[in-house]
Structure formats: structure tokens, C-alpha cells
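Take a look at the structure below.
Since every read-out is calculated from the coordinates, none of them should be taken as a lab result. Computed from a predicted model, the values in this text were never measured in an experiment. Note that each Cβ is placed from the backbone with ideal geometry, even for glycine, and that neighbours are counted across all protein chains shown.
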Amino acid sequence: MVELPTKHRKLTGLNPMQVLRFNDYRFVWSSEALSLWAVEMEIIVLAIFVLQDTGSPLLVGLIGALKFAGTMLGPFYGLMVDRFDPKRLQVAVRAVGLILALTLTTLVVTNTLELWHAYVIVTTGSMIRMLDLVLIQTLTADAVPSESLHNAIGLSRSTLDGARVVGALLGGTIFEFIGLDFAYITISVLYLLATVVALKVKNRPPAKNIQPQGIKSGLIEGIKYICNSKFLPGLIFFSFLIEFSAFPIVNGLMTIIGDELYGFSGTGIGILASITSLGALSGAIYLGIRTKLDNPTRTLIIGSTIWHVIMLALACAPSIWIFGLLLFLWGLSGGITFVAMIVGLLRATEDTNRGRVMGIRSLGIYGLPLGLMLGGWIAEEYNSTAMIGTLGIIGLLATVFAYLKWPDLMSKNIKSINKRS
């Protein structure tokens, strides 16, 4: 692993950007940020396109669910990250994303885009999206010291939520006032810039003691490693739970909520999504500027409880102003909860097993398409408030279950076991 003089320098003060001084994390983060802008714009643009074309909330949920069709490849991706140079894998991921964006842009500009085109391209892109997720988390953990992981993950998460604030608003506005073609041209440019920046990340040779493994053996080894930990089983459980019960709201279903409850179109839906992400951004920044985070798992359980309680308040469909305030607080608790979960996973995992553990953790993302499908079905059969309330109750009960099942998550601190040269 290439080391820079700043590797072991501790972070001080309240500047969330100071973590960029570690190694070439600045390039890892920049490429991630540009890609996230493109992805968040794409989510809102395609959701609005499908809703206008079909009028079906269920099909809106389906287009969001298809983005995660490649999740089952997560364990295999974890093996790839452990065995091959993550930098080269990252460049390949960015290049494929660019090619798919240019393909969809061409269809839009030539007025030949049909609904099935969007579904096919989104599904194809999902085949590499999980690899991107595992790569970003692995590259981040490799680029910064363990005690500063919460700073880096906080910045990465705040970047995601910042992309949702700007990307959702920008995507919805461009779609409504300029058109789908200009929206996708912008998305393609962002993918191109993300690919260029990824080329600047330094090569990182894989660990020498990693032997070639197939999907089955790698999955078995990863499961055994997780089961032998006091913390990882509960953290893997939460990785599924929050994807299933909370994230569907900001990954496609916000379009349905804004349209049904308040009669919003593109810009209004973008504003609601942006308010939520602004709250999550604030939560991620809060953890990102903290000098220490000794007990991320305790923070995870408390945050998840608050997160789902606020969902029950949202289900009461208050006035738009109170709804907006609750959305901000909901996003705030969600940002803190998610960062705490990822930091806990990375700290509780050895370097040589990081790719495989994070690959298995990525299976939790299957909760999102399931939540999207369930939420879309409830909204279509009943209404949006029933959808929010049902997901909130499920999440709250599951959090209580996790607290009782894995008490170590509340009673012990996770000390880093990563071995660094």
C-alpha cells in the first residue's frame, strides 16, 4: 500500500474536508461525488419519465428496484476487490457507466426512447453498481487511518446527500423546463468527469495472502467470518433493515408522495427530496466533524429508533410546512444512522477480509428493491400515508428486535482490529 506523509496525522477542528489530505482519498472522493451527482439526477429523471408515461406508482417503484438487480453478485465483487487492483476496477466501473449514459442519451436525443429501453439499460447498469459500492468503501478504508474512518465515511455520505439535494432538484427542474434530452446530456457529462478523475487514483496491489476463490467458497468464508464476530451479524441485519424500511422513500417513492399528497410535479418533488437529503447531509457532517466516534453501534440503534418514529409522524400527512420540517429531521437521523453502520462494519473487519465482508453486506441492499415494490404496491392499493406508516412500523419493530438479539451493539465499543503498516 502506498503511504503518504499525512497518513498518520490526526484530524482536528470542525472542517469536514480536512480528511481529503489523506493519501489520494481526494481523488476517490471526487470521482465518487461526480458519479453520485449523475446517479441522483438519473433516479429522479427516470422516475418522473415513467410516472408521466404510465401513470403507475408500481412501475415507478419497479424502475427504482431494477437499479439493484445486480446485488446478488455482491459476494463475488468482494472477492474481486480482495484479489485485484481496486483502482483498475474503479476505472472500469466508471467507463461502463459512461457508455450506458451515452446510449440512453442517444435514444433520448433521437426521440427513439421507449419504456423498455430504460428498463434494460437500468438493469445492465445495476450489474456494476454493487461493485462500485464495495470499491468505494474499500478504497476509503484503505486511504485513511481507522480512527478517521468516521470522518471519511461522514464526508462520503454527506456527498451522497449533497448530490441528492442538488441532483434531485437540478434533475427535476431540467426535466420540467428544458427537457429529458438536456437532462441526460448533463448526466453523461458528469459520468465522463467521474471517469477522468478515477484515473488519478493510485494503484493498490491486492493482499498477497488472498487465494483465488469462487463465489460459493468466498460466500461461505465470509459468512463464517461474520458469524464469529460479536458485532457483524447485527450490523449486517441493519444493512438490510434500513434499505428495506427507510431508503425507499428517497429512492423513487418520493415522486409518489409528492404527487399524491401535495400535487407536486417535477420541481416540487425535487424540493421534497432535497429537504430530506439536506437533513441527511447535516447528520453525516455532524459525524464527519467529530474528533472521535468510539461507539458507532450504539449510535446506530438510537438513530434507527428515532428515524422510524419520525416516519410514523410523516404518515399523519401534516401540512406541507410541518411535513417539510419532519422530512429534514428524518433525513438528519438517517444520515447519522447510516454513517454509524458503515463505520462499525469497517472497524470490525480485518483488512484481508474487508472486500468479502462488504460484498456480503451489499446483499442487504436487496432490502431496497423489496421495499420499493412493497411501498409502490401499498401506495397503489391504498395511499401514500399507509405506505409510509407501514414501512415505519416494520422498521421500528425490527430495531427493537435487533437490540434484544445483539445486546453487544449497545454495551461495548468497537475497537479497530485493522492491521496497518
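Counting other beta carbons within 10 Å of each residue's own, what order do Met72, Met80 fall into, fewest first?
Starting with the residue having the fewest Cβ neighbours, the order is Met72, Met80.
Within straight cross-link reach of Lys224, meaning Cα distance under 19 Å, which aspartates and glutamates are found once same-chain residues fewer than 8 apart are removed?
The qualifying aspartates and glutamates are Asp82, Glu350, Asp351, Asp408.
Filter the cross-link list Lys202/Lys230; Lys87/Lys230; Lys230/Lys292; Lys87/Lys405; Lys292/Lys405 down to pairs whose alpha-carbon distance in this structure exceeds 30 Å.
The answer is Lys202/Lys230; Lys87/Lys230; Lys87/Lys405.
If you put +1 on each Lys and Arg Cβ and -1 on each Asp and Glu Cβ, how big is the dipole of the chain around its Cα centre, in Debye rounded to 20?
Dipole about the Cα centre, nearest 20: 2120 debye.
What list do you get for Thr305, Thr140 if you sort them by fewest beta carbons within 10 Å? Don't skip to the end; give the middle numbers.
Working: Thr305 17, Thr140 22.
Final ranking by Cβ density, sparse to dense: Thr305, Thr140.
Tell me the label only: which of (i) 56, 48, 45; (ii) 66, 44, 42; (iii) 63, 48, 43 is Cα extents along the principal axes in Å as calculated from this structure?
It is the value labelled (i).
With the cut-off at 1.5 for a/c, could you classify the range 214-362 from its C-alpha gyration tensor as rounded, prolate or oblate?
prolate
Please compute the volume of the convex hull spanned by the alpha-carbon atoms of the range 237-309 and report it per residue in Å³.
Spread over its residues, the Cα hull of the range 237-309 gives 94 Å³ apiece.
For the range 68-203, what value does the Rg/Rh ratio take when both radii are computed over Cα atoms and Rh is the Kirkwood radius, given to two decimals?
Ratio of gyration radius to Kirkwood radius for the range 68-203: 1.00.
Along Cα→Cβ, 7 Å out, is where each label goes; now give me the distance between the ones at His117 and Thr173 in nm to one decimal.
Between His117 and Thr173, the label points sit 2.7 nm apart.
Take the chain, connect every pair of alpha-carbon atoms lying under 10 Å apart with a spring to form a Gaussian network, then pick out the residue of Gly288, Gly263, Gly364 with the largest mean-square fluctuation.
The residue that fluctuates most here is Gly263.
For the range 88-97, take each phi angle, set θ = phi - 60°, evaluate the Karplus expression 6.51 cos²θ - 1.76 cosθ + 1.60, and give the result in whole Hz per residue in order, putting x for glycine and proline.
Once θ is set to phi - 60°, the couplings for the range 88-97 become 5, 4, 5, 4, 4, 4, 4, 5, 5, x Hz.
Over the chain, calculate the relative contact order: mean separation of alpha carbon pairs under 8 Å at least 6 apart, over the residue count, as a percent.
Reported as a whole number, the value is 28 percent.
Return the single residue from Ala47, Ala198, Ala315 with maximal mean-square fluctuation; model: Gaussian network over the chain, springs between Cα atoms under 10 Å.
The residue that fluctuates most here is Ala315.
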